[in-house]
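Everything on this sheet refers to the single structure shown next.
The values are calculated or read from the model by the stated rules, or taken from the named source; none is laboratory data. Keep in mind that this is a model prediction, so the values were computed, not measured. A quick note on method: Cβ atoms are made from the backbone with ideal geometry, for glycine too, and the neighbour counts reach across all protein chains shown.
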Amino acid sequence: MSTLVALNQQVSESRITLEDAIRGRRSVHYFTPGVTITDAQWKKLFELTAMSPSSFNFQPWDFVVVDEASRKLQLLPLCWGQQQIVDCAAVVAVLGDKNPHRRDKQILQQFKDNGYIDEATKQAYLGAVDVVYPDEARKIEHAVGGANLAAMTFMLTAHGMGLATLPMIGFDPDGVRKFLKVPDDYVITMLLTVGKSAERDLPRQQRRGFEDIVHWDTFRG
Ligand SMILES: Cc1cc2nc3c(=O)[nH]c(=O)nc-3n(C[C@H](O)[C@H](O)[C@H](O)COP(=O)(O)O)c2cc1C
């Protein structure tokens, strides 16, 4: 985290309902340049993001925050020249952890200490992780699924705090990986730009309707 001091450009926090947050969150493409996010805001953003659910509570997410102007400028050509990369307050790379075993002993011990399971079940769960995530494809699903739930929490939390975000997949994954020094056992699932909206985005586009997306009983049922 940088030691940026938020000046008068600091965004103010709002109090809105969850429904308002869901209805009001947008993918913001136009940010007000020169805005900074305070250390307290970062802490709150990530404290709430960490509340996201995950398989076995393994929390397969990490984040790399880039908030220095010169570093954001270097990211720009790696992100298809998308201007929001430099105008936003910070770019957050969302990483999914492909190694579900990384903290399994510690986390399953917490399950036991908190009264969820006994020692025998803990041992069975330790073995089960291999069964649930037997190959690279399943490990990637675990990494991407878990990290992207956290990304959604981040976007809603940010919106509730008066901050705008843009989820981005338009970047060179190898270039960004190298630039951010991300190890091979993590997937960069998306980049999130975060900052203050310049209020120039077009209205939200239509969504598929209830009848179209909900399938009762079976997919074609
Ligand atoms: C995983 C993901 C990747 C995206 N990548 C980009 C991107 O690289 N550039 C961009 O301008 N918008 C990107 N978007 C934004 C979508 O276009 C946007 O979410 C969609 O049009 C719906 O708009 P709304 O979020 O304002 O409702 C991305 C969204 C998601 C969820």
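Before moving on, here are some points about what is shown:
- Selection within the stretch 75-89 - small (Gly, Ala, Ser) and within 16 Å of the ligand (Cβ to nearest atom): Gly81
- In the set (1) touching a residue at least 60 places away in the same chain (Cβ under 8 Å); (2) of a type outside the set (Phe, Trp, Tyr); (3) surrounded by 15 or more Cβ atoms within 10 Å (Cβ to Cβ), the condition left unmet by Lys72 is number (1).
- With a requirement of 1 or more residues that are among the hydroxyl-bearing types (Ser, Thr, Tyr) and over 16 Å from the mean Cα position of the chain (by Cα), the helices (runs of 4 or more DSSP H) lying completely within the stretch 53-152 that satisfy it span 69-75, 119-132.
- Scanning the stretch 204-217 turns up no residue that is among the charged types (D, E, K, R), more than 16 Å from the ligand (Cβ to nearest atom) and under 30 Å from Asp39 (Cβ atoms).
- Considering the stretch 153-167, and only residues there that are closer than 23 Å to Leu78 by Cα, among the hydrophobic types (A, V, I, L, M, F, W, C) and not in a helix (DSSP H, G or I), the residue that is farthest from the ligand (Cβ to nearest atom) turns out to be Ala164.
- Any hit, the stretch 123-141, residues being within 16 Å of the ligand (Cβ to nearest atom) and either without any contact (Cβ under 8 Å) to a residue 60 or more places away in the chain or within 19 Å of Ser27 (Cβ to Cβ) (or both): yes
- If you go through the stretch 168-195 and pick out every residue that is within 13 Å of the ligand (Cβ to nearest atom) and more than 19 Å from Gln41 (Cα to Cα), you end up with 11.
- Yes/no for Leu108 being out of contact with any strand residue (DSSP E or B) (no Cβ under 8 Å at 6 or more places or on another chain) and within 12 Å of the ligand (Cβ to nearest atom): no
- Flag for Ser27 being in contact with a His (Cβ under 8 Å, 6 or more places away or on another chain) and surrounded by fewer than 17 Cβ atoms within 10 Å (Cβ to Cβ): no
- Filter result for Ala89 (small (Gly, Ala, Ser) and in contact (Cβ under 8 Å) with a residue 12 or more places away in the chain): yes
- Ala198 under 18 Å from the mean Cα position of the chain (by Cα), within 15 Å of the ligand (Cβ to nearest atom), of a type in the set (Gly, Ala, Ser) and within 30 Å of Thr17 (Cα to Cα): no
- Leu7 over 17 Å from the mean Cα position of the chain (by Cα), farther than 15 Å from Ala151 by Cα and modelled with pLDDT of 95 or more: no
- Condition check for Ala89: touching a helix residue (DSSP H, G or I) at 6+ places or on another chain (Cβ under 8 Å) and within 20 Å of Val28 (Cβ to Cβ): no
- Test: residue in the stretch 104-117 that is over 18 Å from Ile37 (Cα atoms) and of a type in the set (Phe, Trp, Tyr): yes
One line per residue, one yes/no per condition, for (1) modelled with pLDDT of 95 or more; (2) among the small types (Gly, Ala, Ser); (3) touching a Lys or Arg at 6+ places or on another chain (Cβ under 7 Å); (4) farther than 17 Å from Val187 by Cα:
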| residue | (1), (2), (3), (4) |
| --- | --- |
| Tyr30 | yes, no, yes, yes |
| Val64 | yes, no, no, no |
| Gln74 | yes, no, no, yes |
| Tyr125 | no, no, no, yes |
| Tyr133 | no, no, yes, no |
| Ile140 | yes, no, yes, no |
